[in-house]
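A.B. asks: Dumping the structure here so I can ask a few things about it.
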Amino acid sequence: MAKWTRLIKLRKEKGYSQQEMATKCGVSTSSYVRWELMQFQPNINQLKTISYVLSVPVDYLIYNDA
């Protein structure tokens, strides 16, 4: 199963659980987990929130996920 590895790495570097990230992003934990599993994609406003929470540019989140 594909995973959004960059998102997972950044979340763990910040010391956030999936539940904490979901709360900070204003979504349910299950929705957040689906982002990490690449079952759903966050919309642009959600990407902005994720980038703010993780202190990285949106471009860093969406390009070159390796």
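The values are calculated or read from the model by the stated rules, or taken from the named source; none is laboratory data. These numbers were taken from a predicted model, which means no experiment stands behind them. Please note: Cβ atoms are built from the backbone with ideal geometry, for glycine as well, and neighbour counts cover all protein chains shown. Just so you know, the surface numbers come from the protein's heavy atoms only, side chains and all, with ligands and any DNA or RNA stripped out. Shrake-Rupley method; radii C 1.70, N 1.55, O 1.52, S 1.80 Å.
A.B. asks: Go through the stretch 33-51 residue by residue and tally those that are touching a Lys or Arg at 6+ places or on another chain (Cβ under 9 Å) and either assigned to a helix (DSSP H, G or I) or acidic (Asp, Glu) (or both).
C.D. replies: 3
A.B. asks: What is the number of the single condition among (1) at pLDDT 95 or above; (2) in a helix (DSSP H, G or I); (3) open to solvent by 40 Å² or more (accessible area, probe 1.4 Å); (4) not basic (Lys, Arg) that Tyr60 does not meet?
C.D. replies: Every listed condition holds for Tyr60 apart from (1).
A.B. asks: Which one is nearest to Ile62 (Cα to Cα), of the residues in the stretch 1-32 that are of a type outside the set (Lys, Arg), assigned to a helix (DSSP H, G or I) and open to solvent by less than 50 Å² (accessible area, probe 1.4 Å)?
C.D. replies: Leu7
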